[in-house]
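What follows is a short report on a single structure.
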Amino acid sequence: QVQLVESGGGLVQAGGSLSLSCAASGRDFNTYAMGWFRQAPGKEREFVAAVNWNGDNTYYANSVKGRFTISRDNAKVMVYLQMNSLKAEDTAVYYCAVDPVVRRLTVYSVADYWGQGTQVTVSS
């Protein structure tokens with residue numbers, strides 16, 4: 001059974017940092033692209049960041065570029081999101097997602113598998 005389990009969310013003050021982790025299990029994800037999305041209250045889910053299967057290429061939404069860093073560890077089958085200089089508008093539920101095709105994450109915001117999400121709240 002495929003599982004994506006996020007962790008690391010919480011409450012932080014504006015300007016602070018948080019690090020999210022996502023553990024993937026249930027199949028061989030080392031050839032999959034991995035990514036992060038978020039959904040704020042009353043808004044649609046949006047793409048945040050993605051990394052290709054071997055970590056050589058990363059992709060970011062303009063709103064987080066320069067502040068967030070995505071990385072992966074294929075030995076542990078995990079993907080991470082380091083979030084710095086957080087703003088109130090970063091408040092959302094953050095979801096991990098995996099898909100064989102990185103473009104499906106970055107352009108079409110679709111994925112074969114999704115996590116349950118972890119809440120990130122940034123107080124201003």
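The values are calculated or read from the model by the stated rules, or taken from the named source; none is laboratory data. The structure presented is a predicted model; accordingly, all values stated were derived computationally and were not measured. Counting neighbours? That spans all protein chains shown, and the Cβs are built from the backbone with ideal geometry, glycine included. For accessibility, only protein heavy atoms count, side chains too; no ligands or nucleic acids. Shrake-Rupley method; radii C 1.70, N 1.55, O 1.52, S 1.80 Å.
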Carbon and sulfur atoms account, in whole percent of the 1.4 Å probe accessible area of the chain, for 46
Keeping all protein chains in place and using 1.4 angstrom, which order do Trp114, Trp36 fall into by accessible surface area, from largest down? Trp114, Trp36
Relative contact order, percent, the chain [alpha-carbon distance under 8 Å, six or more residues apart]: 35
If each of Gln13 and Gln116 carries a label point 7 Å out from its Cα toward its Cβ, how far apart are those two points in nm? 3.2
Excluding ligands, DNA and RNA, what is the solvent-accessible area per residue of the stretch 38-124 at a probe of 1.4 Å, expressed in Å²? 53
For labels at Ser63 and Glu46 in the simple 7 Å Cα→Cβ model, what's the distance in nm? 0.2
Rounded to the nearest 10 Å², what accessible area does Glu89 have for a 1.4 Å probe in the complete protein model? 130
Row for the stretch 1-55, column shape: gyration tensor on C-alpha, a ≥ b ≥ c, rounded if a/c < 1.5 i.e. under 1.5, prolate if a/b over b/c, else oblate; value prolate
